[in-house]
Every structure is written in structure tokens, then in C-alpha cells.
1. Given the residues 64, 97, which is the only one that is touching a strand residue (DSSP E or B) at 6+ places or on another chain (Cβ under 9 Å) and modelled with pLDDT of 95 or more?
2. Let me confirm something: among 78, 61, 55, which residue is within 16 Å of the ligand (Cβ to nearest atom), out of contact with any helix residue (DSSP H, G or I) (no Cβ under 6 Å at 6 or more places or on another chain) and under 16 Å from residue 141 (Cβ atoms)?
3. State which residue is farthest from the chain's Cα centre (by Cα) when the search covers only the range 101-112 and only residues that are surrounded by 16 or more Cβ atoms within 10 Å (Cβ to Cβ) and within 13 Å of residue 66 (Cα to Cα).
4. Does residue 81 count as at positive phi and either surrounded by 15 or more Cβ atoms within 10 Å (Cβ to Cβ) or modelled with pLDDT under 90 (or both)?
5. Give all pairs with beta carbons closer than 7 Å in which a residue from the range 35-63 that is free of Cβ contacts under 8 Å to residues at least 40 places away in the same chain meets a residue that is within 13 Å of the ligand (Cβ to nearest atom); count only pairs at least 6 apart in sequence or on separate chains.
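The values are calculated or read from the model by the stated rules, or taken from the named source; none is laboratory data. The structure displayed is predicted, hence computed values, not measured ones. Quick reminder, even Gly has a Cβ in these numbers, built from the backbone with ideal geometry, and neighbours come from all protein chains shown.
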Ligand SMILES: [Ca+2]
């Protein structure tokens, strides 16, 4: 299944997207029409020790990505955001290309955000996808509650398609 994608960044550094970007995206969402071509939904969100450092300070997001493409090659930009209880936000950008010409394709994606569950309280995870540079989409958000604690290192993330 992974061969259907060109995952250009399997293991990414944190991309800090400024609040300005988020606000800009919100305003475009409010004017969105119904024919956007990437829709992301959350199946689950939870914490675990995913990097084996014995600290349960990693976040796993289980998502379904639906892609409605009319052409053979669809470039997808998927923004994944995690908001900590303090209001600190981490934004990650996953870019990949789908080579498939059928309409209504969907795939699962596990998103591991390492060393991000560093506070106690409720977390929000958000995701929105754009295809071929389109300017509108719908952002989905899920709220969950990791245990908190303080983890070492800088946040990193990994995307696994399934
Ligand atoms: Ca860990």
C-alpha cells in the first residue's frame, strides 16, 4: 500500500506554523463550499510510549484520509496540529502524492507525535488537508487527555499509512 504514495517526509521535524496561518485557514474554512477534495477524520487519539524511552509522552492519532481526486496525480498537503493544555501548539506538515485515478479513495494513517504530551490536562488534535493547492477544506478536531509529565527532547513526528 505504501507504494501508492510518494511520502516525501516520513520522519519530519516540527513545523511551527504561526497563528497567522491558522487564522487565515479558519477564514477560508468559513467560506468553504462542499466540493473540497480532501477530508480527514479522526478514528482515535491517545497517548503511549511510542519511542521506547519509557515515558508515556507520545501521542498517536489514528486518522482516515478521504481523497476525491479526478486526476492521476494528486498532491496532498496535510496539516496536523496538537494544542497542549497551556495553549502551546505544534503543527506538522505531511506532504504526499497519490497516484490513482479513481474517485473517492480513502486510506488510514497513523500519526505519531513524539515527546509532545508534556502537560497535564486536555489536548486538542486538529487536521486539515488540501489537494493540488486548493484553498479550502474542513478542519476536524478531537479532544483527548494524556497523563502529562515532562518528556525529553524536541517534538518530532512520523506518519504511517495503512
Ligand atoms: Ca516516550
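1. Working: 97 fails: modelled with pLDDT of 95 or more.
After ruling out the rest, the residue left standing is 64.
2. On the way: 78 fails: within 16 Å of the ligand (Cβ to nearest atom); 55 fails: under 16 Å from residue 141 (Cβ atoms).
Step by step, each of 78, 61, 55 is checked, and only 61 is within 16 Å of the ligand (Cβ to nearest atom), out of contact with any helix residue (DSSP H, G or I) (no Cβ under 6 Å at 6 or more places or on another chain) and under 16 Å from residue 141 (Cβ atoms).
3. Keep residues of the range 101-112 that are surrounded by 16 or more Cβ atoms within 10 Å (Cβ to Cβ), which gives 107, 109-112.
If we keep only those that are within 13 Å of residue 66 (Cα to Cα) too, we end up with 107, 109.
On the way: 107: 13, 109: 9 Å.
If we take residues in the range 101-112 being surrounded by 16 or more Cβ atoms within 10 Å (Cβ to Cβ) and within 13 Å of residue 66 (Cα to Cα), then 107 is farthest from the chain's Cα centre (by Cα).
4. Working: at positive phi: no; either surrounded by 15 or more Cβ atoms within 10 Å (Cβ to Cβ) or modelled with pLDDT under 90 (or both): yes.
Judged against the criteria, residue 81 is not a match.
5. Note: pairs meeting the criteria are 48/56; 48/58; 48/60; 49/55; 49/56; 49/58.
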